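The values are calculated or read from the model by the stated rules, or taken from the named source; none is laboratory data. Since we're looking at a predicted model, the values are computed, not measured. Counting neighbours? That spans all protein chains shown, and the Cβs are built from the backbone with ideal geometry, glycine included.
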Amino acid sequence: MSNRAPESQLWDVLRGALGTRALSIVADLGVAEALAEGPRSVADLAQKVRADPDTLHRILRALASDGVFAEEEPGTFRNTDASKQLLHSGWVAFAHLFGGAFYQAVGGLDASGKPAFPGLYDTDFWSWLADHPDERAVFDRAMEQGKEQRVERLDRVEWRGDETVVDLGGGNGSLLVALLQPQPGLRGIVFDLPETVRDEELLGERIEFVEGSFFQSVPEGDVYVLSTILHDWDDERAAAILRTIHTGAPPGARLLLLESVVPTGNEPGGGKWLDLLMLALFAGRERNEGQWRTLLDATGFDLESIEDGLIQARCR
């Protein structure tokens, strides 16, 4: 039970959208990078990032009240451990998306059960990305964020050592590259849409990029990895993806899902908030343990283990 006043709890939720937008603005301006060498006055900083000094000061003052940046002396700001995360391209990309297209979609969220994004942009999210290469590149960089934690989860998997690993919806291939580095016997396939922004030379000799849609067919492999893919889709479409895998996979092939498992009751969990974003964007959803079990069983997979962040199953 929180000891904070009920009014404070409500206020923090209400002002959340302001924090999202403010962080997006400073990320797009490159403020953290401009402060990388030390504190700067707002006047100097505003000139560097081409912003209005008074407006920039007000935005930074608000963020500093939550520990993102700090006002070292009146009118002079520096980075904090939190704002230094914006020196990494993945966090900048997330901030851009959350304060841009995601922000607009969440603003249209209602209780109808329908995604808001298509009504606002006159197309679905994936088609919009395909039509906006710059945003697609930002999205792919954002999906790299947290790669180290995902690789750590995959390192806990028992590898035979000579498998072909298919990363479905694998984006630019960074996750598979990191996975294969300590596993010299593994080979990999990055499977994604053709508009995915990538540098195939960085994939190396053991990884191949294959274009396609996982609603139609998937390459044959020994292990299929889906990293935060199924939460993009409702149960019907998620089941369609799993059935495509089941059709293309050899008997006994393994399925590794890097997905949230939403906790029950009132226990805090980021997946409970991310679930609302999935709803607003494309009617996707985060799932609890029971929902994962039902989905996998109905599509021909035997669940072997389940924990928040890593679900292991096998094709029967």
Considering the stretch 1-43, residues that are touching a His at 6+ places or on another chain (Cβ under 8 Å) and not β-branched (Val, Ile, Thr), and then whichever is surrounded by the fewest Cβ atoms within 10 Å (Cβ to Cβ), we arrive at Asp28
| field | Qualifying residue in the stretch 175-193 (condition: touching a strand residue (DSSP E or B) at 6+ places or on another chain (Cβ under 9 Å), assigned to a loop (DSSP other than H, G, I, E, B) and farther than 21 Å from Leu97 by Cβ) | value | yes
Within the stretch 104-150, residues among the hydroxyl-bearing types (Ser, Thr, Tyr), part of a helix (DSSP H, G or I) and either exposed (fewer than 15 other Cβ atoms within 10 Å of the Cβ) or in the same structural domain as Leu18 (by TED's automatic domain parsing) (or both) come out as Ser127
Scanning the stretch 181-202 for residues that are surrounded by fewer than 21 Cβ atoms within 10 Å (Cβ to Cβ) and without any contact (Cβ under 8 Å) to a residue 40 or more places away in the chain gives Gln181, Pro182, Gln183, Pro184, Gly185, Arg187, Pro194, Asp199, Glu200, Glu201, Leu202
For the stretch 280-296, pairs from a residue that is assigned to a loop (DSSP other than H, G, I, E, B) to a residue that is hydroxyl-bearing (Ser, Thr, Tyr), with Cβ under 7 Å and 6 or more apart or across chains, are Glu286/Ser260; Asn288/Thr264
Residue hits (the stretch 74-103; part of a loop (DSSP other than H, G, I, E, B), assigned by TED's automatic domain parsing to the domain that holds Arg15 and crowded, with 21+ Cβ neighbours inside 10 Å) are Asn79
So, first residue farther than 20 Å from Ser305 by Cα and of a type in the set (Ser, Thr, Tyr) in the stretch 157-172, second residue in a loop (DSSP other than H, G, I, E, B) and modelled with pLDDT of 95 or more, Cβ within less than 6 Å, six or more apart or across chains; the pairs are Thr164/Gly221; Thr164/Asp222
Exercise. Can Glu205 be described as part of a strand (DSSP E or B) and surrounded by fewer than 18 Cβ atoms within 10 Å (Cβ to Cβ)?
Worked result: no
All-but-one check, Leu56 against (1) under 29 Å from Leu120 (Cβ atoms); (2) within 26 Å of the chain's Cα centre (by Cα), failing number (2)
### Test: Gly170 is part of a loop (DSSP other than H, G, I, E, B), within 23 Å of Ile241 (Cα to Cα), among the small types (Gly, Ala, Ser) and in the same structural domain as Ala238 (by TED's automatic domain parsing)
yes
